[in-house]
Amino acid sequence: MLYDTSYRRIASVRAGNGYPFDLHEFTITPRGTALITIYRKHAGVDLTSVGGPANGFIVSGVAQEIDIETGQLVWEWDSWAPSNPHVPLSESYQQLGVGDGGNGTSAVPYNYFHINSLADVGDGSGDLLISGRNCFCVYRVSRKTGHIVWRLNGKKSDFTMGPRSAFHWQHHVRPEPNGRMTVFDNGVPEEPQSRALLLKVDAGAMRVELKKAYIHPGKQYPAGAMGSAQLLPDGRMFVGWGTQPHFSEFSADGKLLLDGDIIKGDPSYRGFTQNWTGHPTDRP
């Protein structure tokens, strides 16, 4: 749902093709469309390669673009196509039956991809960046053809990953100007703590370099899930620590400027800082 500064609902968005709307992404584009994520169940999938049944169930990651004004489905991409999968099971790091992996049954399908972030590349091509958490990979997908243009990180990365630029179980991938990209690297258990990453992506040389890793200087925050990295115009980085009930703001060079705790102890899927002026129509 979308509300104005007077807290009046001005629009609502539903997923296309009768799918349930998923909570992981809801981003508005300059085209007046909404980018959303969906989890879709597929039956009859051979899971023997991952230790599952020959006639099992999986959950794929679906990306949709919806026209906000008309509610019409503009574009759709599914990580799984039975005849020619965009992303095969072999790319997943998720173990069957472990964590959110599922056991491949109809009740608990295998969550091999786990879509959790969707963003317009922003270079005029209309291509999208899709994060597959359980594949440790960011996929650039052509909006025109639906084909994968490149893979960044993961088992089949088209990029050479520079020192400390690789990530694990990531969230909240966003393209930034001048060939940069931000990623919230959950990391654990492969890494001792989570990090907010600013990466330099050289699509010519097909190489990724770590520009800056934002790590809490006094505490280890191993966020098993969720989390966000918001690069601000002046270079500051605002970090939401996901399942760790904290948020932090860093200077461009990594100095801790602000540290906050959600004292109730609840996790926060993403955290943001921004200016806001509300104009309520009644008294608070």
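Observations
- Listed by chain and number, the aspartates and glutamates whose C-alpha is less than 17 Å from the C-alpha of residue 41, apart from same-chain residues fewer than 8 away, are 22, 76, 78, 100.
- Relative contact order of the chain: 10 percent, from C-alpha pairs under 8 Å at least 6 residues apart in sequence.
- Cut-off 14 Å (backbone N to label point 7 Å along Cα→Cβ of residue 219), residues of the stretch 264-278: 264-268
- The candidate values are (i) 16.6; (ii) 19.8; (iii) 13.8; the one derived from this structure for mean projected area of the Cα convex hull in nm² carries the label (i).
- Based on the Kirkwood approach, the hydrodynamic radius assigned to the stretch 30-130 is 14.6 Å, with every pair of different Cα atoms included.
- Spin-label model, residue 74/residue 279: points 7 Å from Cα along the beta carbon direction are separated by 2.7 nm.
- For the chain, with all protein chains in place and a probe radius of 1.4 Å, 51% of the accessible heavy-atom surface sits on carbon or sulfur.
- Residue among 271, 51, 240 with the largest mean-square fluctuation in a Gaussian network model of the chain, springs linking Cα atoms under 10 Å: 51
- In the context of the full set of protein chains, the stretch 194-275 has a per residue accessible area of 50 Å² (1.4 Å probe).
- Solvent-accessible area per residue in the stretch 1-83 equals 53 Å², computed with a 1.4 angstrom probe and all protein chains kept.
- Added length on full extension, which subtracts the Cα-Cα distance from 0.36 nm per residue, residue 258 to residue 105: 50.5 nm
- Here r is the Cβ-Cβ distance between residue 95 and residue 43 and R0 is 25 Å; the resulting FRET efficiency, rounded to 0.05, is 0.75.
- Pairs from the table (156/212; 156/211; 219/255) lying more than 19 angstrom apart at Cα are 156/212; 156/211.
- With Cα atoms as the point set, the radius of gyration and Dmax of the stretch 131-218 evaluate to 12.7, 47 Å.
- With at most 12 other Cβ atoms within 10 Å, longest stretch of the chain clear of loop chymotrypsin sites (Phe, Trp or Tyr not before Pro) (DSSP): 8-271
- Inter-label distance, nm, simple model (7 Å from Cα along the C-beta direction), residue 209/residue 12: 5.0
- Counting only GluC sites (Glu not before Pro) that DSSP places in a loop and that have at most 13 other Cβ atoms within 10 Å, the longest clean stretch of the chain runs over 70-189.
The values are calculated or read from the model by the stated rules, or taken from the named source; none is laboratory data. Please read these numbers as outputs of a predicted model, since none were measured by experiment. So basically every Cβ, Gly included, is an ideal-geometry build from the backbone, and we count neighbours across all protein chains shown. Heads up: the accessible areas ignore ligands, DNA and RNA and are worked out on the full protein's heavy atoms, side chains in. Shrake-Rupley method; radii C 1.70, N 1.55, O 1.52, S 1.80 Å.
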